Amino acid sequence: MSQLALPLRLADHAVFASFLQAGNEALLATLRDLATGRADGGCWVWGPAASGKTHLLQAVCAQAGDRSVYVPLALLADADAELLDGLANRDLVCLDDLDAVAGRRDWERALFVLCNQILDADVCLLVAADTSLRASQIVLPDLRSRLSHLPSFKIQPLADQERAAALQLRARHRGLELPDETARYLLSRSKRDMASLYDVLDKLDAEALRAQRRLTIPFVREVLLERSSERE
């Protein structure tokens, strides 16, 4: 994948096929069109932590390949904002965690310059943030003005039944079978945000492979108890 000249990698699981689109069909359709070049412009994607913003931006880059660049601003916030120089030579620029640099003069000016370059070069810009642009901490009026032209999409949260389906989709993407009753058991025994649930699934995947076990409730209970004792 095309990225900055830094030790950054896209997550293997972060593809469109492993994201349950329930309630977010319009957003997914827009992102797929942007990733394949069937649409231009870009969009502002927002929602709370662990709602899937990073997954979606990385899925766009996974689909677009070397036409794109993924920029995790939360990881780069302590670096020089000049690292944004030259990004407009890609067809698609994905800026994740914009909140991490909002309100910082150096970064906002660099982002404003990038936005102007993107506009001149007819490049697509995708931005992910925790809030809408209106509620963001961006101070520079010119930057707000540039970003206001992006269509805005709020990621809709999943209901409990959809959370179970999302877990099963991720499991199938990993080559695992997660039965309905086991998925419900996980939801009743773990934190309910998707990041925590996916973290548990990662642990179960590794343990199931090591023990050559299926994801039955007794096996999952055993792994969760072990995980809990390790934290104490």
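Computed from the coordinates by the stated procedures, all read-outs in this text should not be read as laboratory data. Small disclaimer: the values here were computed from a predicted structure and weren't measured. With ideal geometry, Cβ positions are generated from the backbone for all residues, glycine too; neighbour counts draw on all protein chains shown.
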**Q.** Local net charge near Ala81, Cβ-Cβ under 12 Å (Lys/Arg +1, Asp/Glu -1)
**A.** -3
(Q) Output wanted: per-residue J couplings in Hz (rounded whole) for segment 84-98, from phi through Karplus 6.51 cos²θ - 1.76 cosθ + 1.60, θ = phi - 60°, x for Gly and Pro. (A) 6, 4, x, 5, 6, 7, 9, 7, 9, 10, 10, 9, 9, 6, 4
**Q.** Once the Cα gyration tensor of the chain is diagonalised, semi-axes √(5λ) in Å
**A.** 36, 18, 17
Q) What's the local net charge at Asp97, with K and R +1, D and E -1, over the other residues with C-beta under 9 Å away? A) -2
Q.
Using each residue's phi in segment 19-28, evaluate 6.51 cos²θ - 1.76 cosθ + 1.60 at θ = phi - 60° and report the 3J(HN,Hα) Karplus result to the nearest Hz, with x for Gly and Pro.
A. 10, 6, 8, 3, x, 10, 4, 5, 4, 4
Q: Amide H neighbours of Ser152 under 5 Å, at least 5 residues apart or on other chains, H built in the peptide plane: list them.
A: Trp44
Q.
What distance in nm separates the two pseudo spin-label positions at Asn116 and Ser188, each 7 Å out from Cα along the beta-carbon direction?
A. 6.0 nm
Q: Please order Glu108, Glu177 by the number of other Cβ within 10 Å, starting at the fewest.
A: Glu177, Glu108
Q: Output the direction-averaged projected area (hull surface divided by four) of the convex hull of the alpha-carbon atoms of segment 119-232, in nm².
A: 10.9 nm²
**Q.** For segment 16-154, radius of gyration divided by Kirkwood radius, i.e. Rg to Rh on alpha-carbons
**A.** 0.93
Q | MRE, 222 nm, helices only [DSSP H, n ≥ 4, -39500 (n - 2.57), over the chain, to nearest 500] | A | -14500 deg cm²/dmol
Q | Simple label model, 7 Å out from Cα along Cβ direction - Glu226 to Arg172, nm | A | 2.8 nm
Q. Anyone know which of Gly52, Gly23, Gly86 comes out most mobile in the 10 Å Cα GNM of the chain?
A. Gly86
Q: Evaluate the distance, in nm, between pseudo-label points positioned 7 Å from the Cα of Ala39 and of Leu83 along their respective Cα→Cβ axes.
A: 2.9 nm
(Q) Give the residue list of trypsin sites (Lys or Arg not before Pro) in segment 88-152 that are DSSP loop and have at most 12 other beta-carbon atoms within 10 angstrom. (A) Arg134
Q) What relative contact order, as a whole-number percentage, does segment 16-154 give when Cα pairs under 8 Å and 6 or more residues apart are counted? A) 32 percent
Q | Note, ³J(HN,Hα) from phi for segment 63-75, Karplus 6.51, -1.76, 1.60, rounded to Hz, x at Gly and Pro | A | 6, 7, x, 6, 6, 10, 9, 9, 10, x, 4, 5, 7
